[in-house]
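Encoded as C-alpha coordinates, the structure appears first; notes follow it.
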Amino acid sequence: MRILPRPFKLLLALTLLGALPFLASAQDPKLQIKAEIDRLKQSLQEKPFKNPDFPDIQSMVSDAVNSASEALDSGHLYLALERLLQAEDLFQGVHAVVDKSDAVKSSLPAFEAEWEKASQNLNSLNDEARKKDWRSTPLAVRALAETAEGSSIPLLEGGRGFASSTKPTDGLFYIGQAQGEAAFAKFSSTLLLARNSASFPLRSYLPELQRLQQKTNAAFKPPASIDLHPRFIALNSALKLAEELDAQKLYAGALYQYLEATRHFAMLEARPLNVAQQSTLKTDLVAARKKFAASKQDDSLAQLFLERAASQTAHGDGSAPTADEWRSARIILDQVLPAYFAAKKPASPLQQASGKTVDITLVRWPYT
(Lines give C-alpha, C1' and ligand atoms only; values in the text may rest on other atoms or scores of the structure.)
Protein backbone atom coordinates (compact mmCIF):
# COMPACT_ATOMS: atom_id res chain seq x y z
CA MET A 1 0.00 0.00 0.00
CA ARG A 2 1.39 3.38 -1.00
CA ILE A 3 1.81 5.88 1.84
CA LEU A 4 0.79 9.43 0.91
CA PRO A 5 3.22 12.23 1.84
CA ARG A 6 2.08 14.24 4.86
CA PRO A 7 1.54 17.54 2.93
CA PHE A 8 -0.60 15.71 0.37
CA LYS A 9 -2.62 14.11 3.16
CA LEU A 10 -3.32 17.56 4.60
CA LEU A 11 -4.25 18.95 1.19
CA LEU A 12 -6.61 16.02 0.58
CA ALA A 13 -8.22 16.46 3.99
CA LEU A 14 -8.75 20.16 3.38
CA THR A 15 -10.27 19.40 -0.01
CA LEU A 16 -12.73 16.98 1.54
CA LEU A 17 -13.61 19.58 4.14
CA GLY A 18 -14.24 22.20 1.48
CA ALA A 19 -11.37 24.39 2.65
CA LEU A 20 -9.63 24.94 -0.68
CA PRO A 21 -11.72 28.04 -1.54
CA PHE A 22 -10.60 29.53 1.76
CA LEU A 23 -6.96 28.75 1.05
CA ALA A 24 -7.21 30.27 -2.41
CA SER A 25 -8.81 33.45 -1.10
CA ALA A 26 -6.15 33.68 1.60
CA GLN A 27 -3.42 33.59 -1.05
CA ASP A 28 -4.89 35.74 -3.83
CA PRO A 29 -6.02 39.30 -2.95
CA LYS A 30 -8.41 39.31 -5.91
CA LEU A 31 -10.13 36.25 -4.52
CA GLN A 32 -10.16 37.83 -1.07
CA ILE A 33 -11.98 40.85 -2.47
CA LYS A 34 -14.32 38.67 -4.52
CA ALA A 35 -15.16 36.62 -1.44
CA GLU A 36 -16.12 39.76 0.47
CA ILE A 37 -18.24 41.04 -2.41
CA ASP A 38 -19.93 37.64 -2.70
CA ARG A 39 -20.63 37.69 1.04
CA LEU A 40 -22.53 40.96 0.66
CA LYS A 41 -24.40 39.65 -2.38
CA GLN A 42 -25.43 36.49 -0.55
CA SER A 43 -26.62 38.49 2.44
CA LEU A 44 -28.76 40.69 0.17
CA GLN A 45 -30.30 37.59 -1.43
CA GLU A 46 -30.97 35.74 1.81
CA LYS A 47 -32.27 38.74 3.73
CA PRO A 48 -33.40 41.55 1.41
CA PHE A 49 -33.73 45.04 2.84
CA LYS A 50 -37.36 46.09 3.18
CA ASN A 51 -38.42 49.50 4.40
CA PRO A 52 -41.73 51.10 3.35
CA ASP A 53 -40.21 54.58 3.71
CA PHE A 54 -37.42 53.69 1.25
CA PRO A 55 -38.79 51.26 -1.35
CA ASP A 56 -35.66 51.49 -3.54
CA ILE A 57 -33.16 50.80 -0.78
CA GLN A 58 -32.53 47.18 -1.80
CA SER A 59 -31.65 48.14 -5.37
CA MET A 60 -29.42 50.99 -4.15
CA VAL A 61 -27.34 48.66 -2.00
CA SER A 62 -27.27 45.99 -4.73
CA ASP A 63 -26.06 48.55 -7.26
CA ALA A 64 -23.21 49.56 -4.92
CA VAL A 65 -22.13 45.95 -4.43
CA ASN A 66 -22.43 45.15 -8.14
CA SER A 67 -20.34 48.21 -8.95
CA ALA A 68 -17.48 46.79 -6.89
CA SER A 69 -17.89 43.43 -8.62
CA GLU A 70 -17.82 45.02 -12.09
CA ALA A 71 -14.62 46.90 -11.26
CA LEU A 72 -12.95 43.69 -10.11
CA ASP A 73 -14.09 41.83 -13.23
CA SER A 74 -12.58 44.63 -15.33
CA GLY A 75 -9.21 44.16 -13.69
CA HIS A 76 -9.44 47.41 -11.70
CA LEU A 77 -8.28 46.08 -8.35
CA TYR A 78 -7.88 49.39 -6.52
CA LEU A 79 -11.14 50.76 -7.90
CA ALA A 80 -12.88 47.57 -6.75
CA LEU A 81 -11.59 48.24 -3.25
CA GLU A 82 -12.74 51.87 -3.37
CA ARG A 83 -16.21 50.78 -4.44
CA LEU A 84 -16.24 47.99 -1.86
CA LEU A 85 -15.64 50.63 0.82
CA GLN A 86 -18.65 52.56 -0.47
CA ALA A 87 -20.72 49.38 -0.57
CA GLU A 88 -19.76 48.33 2.96
CA ASP A 89 -20.64 51.81 4.23
CA LEU A 90 -24.07 51.79 2.61
CA PHE A 91 -24.79 48.13 3.39
CA GLN A 92 -24.07 48.46 7.10
CA GLY A 93 -25.89 51.79 7.33
CA VAL A 94 -29.08 50.37 5.84
CA HIS A 95 -28.64 47.17 7.84
CA ALA A 96 -28.66 49.17 11.09
CA VAL A 97 -31.80 51.08 10.13
CA VAL A 98 -33.75 48.00 9.02
CA ASP A 99 -32.70 45.79 11.94
CA LYS A 100 -32.70 48.29 14.82
CA SER A 101 -35.53 50.74 14.11
CA ASP A 102 -38.23 48.67 15.83
CA ALA A 103 -36.07 48.17 18.91
CA VAL A 104 -35.07 51.83 19.20
CA LYS A 105 -38.23 53.64 17.99
CA SER A 106 -38.44 56.90 19.96
CA SER A 107 -36.39 55.73 22.94
CA LEU A 108 -33.12 57.59 23.40
CA PRO A 109 -31.94 55.11 26.10
CA ALA A 110 -32.52 52.27 23.61
CA PHE A 111 -30.47 54.14 21.04
CA GLU A 112 -27.69 54.74 23.56
CA ALA A 113 -27.58 51.00 24.29
CA GLU A 114 -27.11 50.29 20.58
CA TRP A 115 -24.56 53.08 20.35
CA GLU A 116 -22.49 51.62 23.20
CA LYS A 117 -22.45 48.18 21.60
CA ALA A 118 -21.43 49.70 18.27
CA SER A 119 -18.72 51.77 19.96
CA GLN A 120 -17.14 48.71 21.56
CA ASN A 121 -17.25 46.80 18.27
CA LEU A 122 -15.80 49.79 16.44
CA ASN A 123 -12.89 50.11 18.83
CA SER A 124 -12.15 46.40 18.48
CA LEU A 125 -12.16 46.56 14.68
CA ASN A 126 -10.00 49.68 14.56
CA ASP A 127 -7.54 48.21 17.06
CA GLU A 128 -7.07 45.19 14.80
CA ALA A 129 -6.57 47.39 11.74
CA ARG A 130 -3.96 49.50 13.56
CA LYS A 131 -1.84 46.43 14.24
CA LYS A 132 -1.10 46.18 10.54
CA ASP A 133 2.35 47.25 9.39
CA TRP A 134 1.35 49.17 6.26
CA ARG A 135 4.89 49.95 5.09
CA SER A 136 4.99 47.05 2.65
CA THR A 137 1.39 47.51 1.42
CA PRO A 138 0.49 49.42 -1.78
CA LEU A 139 -0.26 53.05 -0.98
CA ALA A 140 -3.77 52.88 -2.46
CA VAL A 141 -4.81 50.09 -0.08
CA ARG A 142 -3.33 51.91 2.88
CA ALA A 143 -5.04 55.16 1.85
CA LEU A 144 -8.47 53.52 1.63
CA ALA A 145 -7.99 51.76 4.96
CA GLU A 146 -6.86 54.95 6.73
CA THR A 147 -9.77 56.87 5.24
CA ALA A 148 -12.19 54.25 6.53
CA GLU A 149 -10.59 54.16 9.97
CA GLY A 150 -10.49 57.94 10.23
CA SER A 151 -14.13 58.28 9.16
CA SER A 152 -15.57 55.69 11.55
CA ILE A 153 -15.40 57.58 14.87
CA PRO A 154 -16.79 60.91 13.51
CA LEU A 155 -19.64 58.98 11.89
CA LEU A 156 -20.40 57.22 15.17
CA GLU A 157 -20.36 60.52 17.05
CA GLY A 158 -22.50 62.04 14.31
CA GLY A 159 -25.10 59.32 14.85
CA ARG A 160 -25.40 60.24 18.51
CA GLY A 161 -25.78 63.90 17.56
CA PHE A 162 -28.61 63.21 15.12
CA ALA A 163 -30.35 60.90 17.59
CA SER A 164 -30.45 63.58 20.27
CA SER A 165 -31.20 66.57 18.02
CA THR A 166 -33.95 64.99 15.88
CA LYS A 167 -35.13 61.49 16.83
CA PRO A 168 -33.30 58.33 17.99
CA THR A 169 -33.83 56.31 14.81
CA ASP A 170 -32.17 59.08 12.77
CA GLY A 171 -28.83 58.13 14.28
CA LEU A 172 -28.96 54.46 13.32
CA PHE A 173 -27.76 54.90 9.75
CA TYR A 174 -24.60 56.64 10.97
CA ILE A 175 -23.94 53.90 13.50
CA GLY A 176 -24.14 51.36 10.70
CA GLN A 177 -21.92 53.46 8.43
CA ALA A 178 -19.29 53.72 11.15
CA GLN A 179 -19.23 49.96 11.60
CA GLY A 180 -19.03 49.46 7.84
CA GLU A 181 -16.02 51.78 7.62
CA ALA A 182 -14.25 50.03 10.50
CA ALA A 183 -15.03 46.59 9.05
CA PHE A 184 -13.53 47.67 5.73
CA ALA A 185 -10.36 48.94 7.44
CA LYS A 186 -9.95 45.59 9.16
CA PHE A 187 -10.64 43.70 5.92
CA SER A 188 -8.04 45.78 4.08
CA SER A 189 -5.47 44.92 6.73
CA THR A 190 -5.90 41.22 5.88
CA LEU A 191 -5.27 41.61 2.15
CA LEU A 192 -2.13 39.82 1.04
CA LEU A 193 -1.04 42.58 -1.31
CA ALA A 194 2.68 43.27 -1.15
CA ARG A 195 4.33 46.36 -2.61
CA ASN A 196 7.13 45.40 -5.00
CA SER A 197 8.32 48.92 -5.76
CA ALA A 198 9.89 51.91 -4.00
CA SER A 199 7.71 53.46 -1.32
CA PHE A 200 5.89 56.79 -1.70
CA PRO A 201 7.45 59.57 0.47
CA LEU A 202 4.52 60.33 2.76
CA ARG A 203 4.41 63.55 4.80
CA SER A 204 1.91 66.08 6.12
CA TYR A 205 -0.21 67.70 3.41
CA LEU A 206 -1.51 70.53 5.59
CA PRO A 207 0.02 73.32 3.43
CA GLU A 208 -1.68 71.95 0.30
CA LEU A 209 -4.95 71.52 2.16
CA GLN A 210 -4.86 75.06 3.50
CA ARG A 211 -4.18 76.49 0.04
CA LEU A 212 -7.05 74.53 -1.46
CA GLN A 213 -9.34 75.62 1.38
CA GLN A 214 -8.46 79.26 0.67
CA LYS A 215 -9.24 78.79 -3.03
CA THR A 216 -12.50 77.10 -2.11
CA ASN A 217 -13.51 79.94 0.20
CA ALA A 218 -12.77 82.45 -2.56
CA ALA A 219 -14.85 80.48 -5.07
CA PHE A 220 -17.82 80.22 -2.74
CA LYS A 221 -19.85 83.16 -3.98
CA PRO A 222 -23.01 83.53 -6.09
CA PRO A 223 -23.99 82.23 -8.50
CA ALA A 224 -21.63 79.25 -8.09
CA SER A 225 -22.34 78.93 -4.35
CA ILE A 226 -26.02 78.47 -5.21
CA ASP A 227 -25.89 76.52 -8.46
CA LEU A 228 -23.10 74.18 -7.34
CA HIS A 229 -23.99 73.87 -3.66
CA PRO A 230 -23.91 70.02 -3.58
CA ARG A 231 -20.45 70.03 -5.14
CA PHE A 232 -19.20 72.56 -2.59
CA ILE A 233 -20.50 70.25 0.13
CA ALA A 234 -18.58 67.29 -1.35
CA LEU A 235 -15.46 69.44 -1.76
CA ASN A 236 -15.49 70.73 1.80
CA SER A 237 -16.27 67.29 3.18
CA ALA A 238 -13.17 65.90 1.47
CA LEU A 239 -11.07 68.79 2.78
CA LYS A 240 -12.40 68.37 6.31
CA LEU A 241 -11.70 64.64 6.35
CA ALA A 242 -8.24 65.17 4.83
CA GLU A 243 -7.28 67.64 7.55
CA GLU A 244 -8.52 65.29 10.28
CA LEU A 245 -6.55 62.38 8.80
CA ASP A 246 -3.48 64.59 8.47
CA ALA A 247 -3.77 65.63 12.13
CA GLN A 248 -3.80 61.94 13.11
CA LYS A 249 -0.72 61.35 10.92
CA LEU A 250 -2.73 59.06 8.66
CA TYR A 251 -0.92 60.61 5.73
CA ALA A 252 -1.89 58.07 3.07
CA GLY A 253 -5.56 58.73 3.74
CA ALA A 254 -4.94 62.47 3.90
CA LEU A 255 -3.26 62.42 0.48
CA TYR A 256 -6.11 60.40 -1.02
CA GLN A 257 -8.69 62.87 0.26
CA TYR A 258 -6.59 65.84 -0.84
CA LEU A 259 -6.49 64.46 -4.38
CA GLU A 260 -10.23 63.85 -4.26
CA ALA A 261 -10.77 67.43 -3.07
CA THR A 262 -8.56 68.62 -5.95
CA ARG A 263 -10.84 66.80 -8.36
CA HIS A 264 -13.97 68.28 -6.77
CA PHE A 265 -12.55 71.80 -6.95
CA ALA A 266 -11.66 71.45 -10.63
CA MET A 267 -15.18 70.19 -11.35
CA LEU A 268 -16.55 73.58 -10.28
CA GLU A 269 -15.45 75.18 -13.56
CA ALA A 270 -14.85 72.19 -15.85
CA ARG A 271 -16.37 72.50 -19.31
CA PRO A 272 -18.09 69.68 -21.24
CA LEU A 273 -15.95 67.69 -23.67
CA ASN A 274 -16.84 67.46 -27.35
CA VAL A 275 -16.42 64.28 -29.38
CA ALA A 276 -12.88 65.11 -30.47
CA GLN A 277 -11.85 65.92 -26.93
CA GLN A 278 -13.35 62.65 -25.71
CA SER A 279 -11.31 60.73 -28.25
CA THR A 280 -8.13 62.55 -27.21
CA LEU A 281 -8.91 61.80 -23.57
CA LYS A 282 -9.11 58.07 -24.24
CA THR A 283 -5.74 58.13 -26.00
CA ASP A 284 -4.16 60.14 -23.19
CA LEU A 285 -5.63 57.81 -20.59
CA VAL A 286 -4.16 54.71 -22.23
CA ALA A 287 -0.73 56.37 -22.35
CA ALA A 288 -0.91 57.42 -18.69
CA ARG A 289 -1.90 53.96 -17.52
CA LYS A 290 0.98 52.39 -19.47
CA LYS A 291 3.40 54.86 -17.93
CA PHE A 292 2.33 54.11 -14.38
CA ALA A 293 2.20 50.36 -14.98
CA ALA A 294 5.91 50.50 -15.81
CA SER A 295 6.79 52.68 -12.82
CA LYS A 296 9.38 51.43 -10.34
CA GLN A 297 7.75 53.42 -7.54
CA ASP A 298 4.58 52.70 -5.63
CA ASP A 299 2.15 54.76 -7.73
CA SER A 300 -0.88 52.66 -6.79
CA LEU A 301 -2.81 55.70 -5.55
CA ALA A 302 -2.40 57.39 -8.93
CA GLN A 303 -3.43 54.10 -10.55
CA LEU A 304 -6.60 54.10 -8.45
CA PHE A 305 -7.63 57.45 -9.93
CA LEU A 306 -6.69 56.28 -13.43
CA GLU A 307 -8.79 53.14 -12.97
CA ARG A 308 -11.67 55.38 -11.98
CA ALA A 309 -11.13 57.52 -15.08
CA ALA A 310 -11.06 54.41 -17.27
CA SER A 311 -14.34 53.18 -15.78
CA GLN A 312 -15.91 56.60 -16.32
CA THR A 313 -15.05 56.69 -20.02
CA ALA A 314 -15.94 53.07 -20.85
CA HIS A 315 -18.87 51.51 -19.03
CA GLY A 316 -18.94 47.74 -18.69
CA ASP A 317 -22.58 47.59 -19.76
CA GLY A 318 -21.95 49.62 -22.91
CA SER A 319 -23.92 52.66 -21.75
CA ALA A 320 -22.70 56.14 -22.63
CA PRO A 321 -20.67 58.11 -20.05
CA THR A 322 -22.30 61.20 -18.61
CA ALA A 323 -20.97 64.70 -19.20
CA ASP A 324 -19.71 64.79 -15.61
CA GLU A 325 -17.86 61.50 -16.09
CA TRP A 326 -16.02 62.83 -19.14
CA ARG A 327 -15.11 65.98 -17.22
CA SER A 328 -13.98 64.01 -14.18
CA ALA A 329 -11.73 61.74 -16.25
CA ARG A 330 -10.10 64.73 -17.96
CA ILE A 331 -9.56 66.41 -14.59
CA ILE A 332 -7.88 63.30 -13.20
CA LEU A 333 -5.29 63.55 -15.98
CA ASP A 334 -4.89 67.33 -15.99
CA GLN A 335 -5.32 68.25 -12.31
CA VAL A 336 -5.17 65.22 -10.00
CA LEU A 337 -2.00 63.65 -11.44
CA PRO A 338 0.01 66.92 -11.29
CA ALA A 339 -1.14 67.35 -7.67
CA TYR A 340 -0.04 63.78 -7.00
CA PHE A 341 3.44 64.38 -8.44
CA ALA A 342 3.76 67.65 -6.49
CA ALA A 343 2.88 65.76 -3.30
CA LYS A 344 6.02 63.65 -3.76
CA LYS A 345 8.13 66.76 -3.16
CA PRO A 346 8.77 68.44 0.21
CA ALA A 347 6.00 70.79 1.23
CA SER A 348 6.44 74.48 0.53
CA PRO A 349 5.42 76.78 3.42
CA LEU A 350 2.07 78.48 3.25
CA GLN A 351 2.33 82.26 2.98
CA GLN A 352 -0.09 83.86 5.39
CA ALA A 353 -2.03 86.81 4.02
CA SER A 354 -1.80 90.01 6.00
CA GLY A 355 -4.87 91.45 7.62
CA LYS A 356 -7.91 89.78 9.09
CA THR A 357 -9.40 86.79 7.32
CA VAL A 358 -12.39 84.58 7.93
CA ASP A 359 -12.39 80.88 7.01
CA ILE A 360 -15.73 79.38 6.04
CA THR A 361 -16.11 75.62 5.87
CA LEU A 362 -19.40 74.24 4.55
CA VAL A 363 -20.06 70.58 5.26
CA ARG A 364 -22.96 68.29 5.93
CA TRP A 365 -22.08 66.89 9.31
CA PRO A 366 -20.09 64.75 9.66
CA TYR A 367 -19.26 63.69 6.06
CA THR A 368 -22.50 62.95 4.25
Q. Between residue 324 and residue 204, what length in nm is gained on full extension when 0.36 nm per residue of separation is reduced by their alpha carbon distance?
A. 40.1 nm
Q: Give the whole-number value, in cubic angstrom per residue, of the convex hull volume spanned by the C-alpha atoms of the stretch 162-243.
A: 166
Q) Expressed in nm to one decimal, what extension gain is obtained for the pair residue 164 and residue 295 from 0.36 nm per residue of sequence separation less their Cα-Cα distance? A) 42.1 nm
Q: Work from the charge dipole of the chain (Cβ charges, +1 for Lys and Arg, -1 for Asp and Glu, about the Cα centre) and give the residue of 113, 251, 261 farthest towards its positive end.
A: 251
Q: Take the alpha-carbon positions of the stretch 231-329, form their convex hull, and give its projected area averaged over all directions (one quarter of the hull surface) in nm².
A: 7.2
Q: Starting from the alpha-carbon convex hull of the stretch 285-353, give the projected area averaged over all orientations, in nm².
A: 6.4
Q: Please get the size of the charge dipole for the stretch 239-278, origin at its Cα centre, with Cβ charges of +1 on Lys and Arg and -1 on Asp and Glu, quoted in debye to the nearest 20.
A: 120
Q) What FRET efficiency, computed as 1/(1 + (r/R0)^6) with R0 = 25 Å and r the Cβ-Cβ distance, is obtained for residue 315 and residue 42, rounded to the nearest 0.05? A) 0.45
(Q) Given axes a ≥ b ≥ c from the Cα gyration tensor, I'd like to know whether the stretch 66-163 is rounded (a/c under 1.5), prolate (a/b larger than b/c) or oblate. (A) oblate
Q: Just the number, please: carbon plus sulfur as a percent of the accessible area of the chain, 1.4 Å probe, no ligands or DNA/RNA counted.
A: 55
Q: For residue 345 paired with residue 116, estimate the spin-label separation in nm (one decimal), with each label point 7 Å from Cα along the Cα-to-Cβ line.
A: 5.4
Q | Set of lysines near residue 131 by C-alpha distance (under 20 Å), chain-local residues within fewer than 8 positions excluded | A | 186, 249
**Q.** Quarter of the Cα convex hull surface for the chain, i.e. its orientation-mean projected area (nm²)
**A.** 23.8
Q. Going by average Cβ neighbours within 10 Å, how do the peptides 331-343, 195-207 rank, with the highest at the top?
A. 331-343, 195-207
Q | Inter-part distance where the stretch 245-263 and the stretch 42-91 are each reduced to a Cα centre, Å | A | 25
Q: Compare the Cα positions of 44, 342, 274 along the charge dipole of the chain (+1 at Cβ of Lys, Arg; -1 at Cβ of Asp, Glu; about the Cα centre) and return the one farthest towards the positive end.
A: 342
Q | Gain on full stretching of the segment that runs from residue 271 to residue 231 - 0.36 nm per residue minus C-alpha separation | A | 12.9 nm
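The values are calculated or read from the model by the stated rules, or taken from the named source; none is laboratory data. Since the structure is predicted, the reported quantities are computational estimates derived from the model, not experimental observations. No Cβ is skipped: glycine too gets one built from the backbone with ideal geometry, and neighbour counts run over all protein chains shown. Surface accessibility is based on the protein's heavy atoms, side chains included, excluding ligands, DNA and RNA. Shrake-Rupley method; radii C 1.70, N 1.55, O 1.52, S 1.80 Å.
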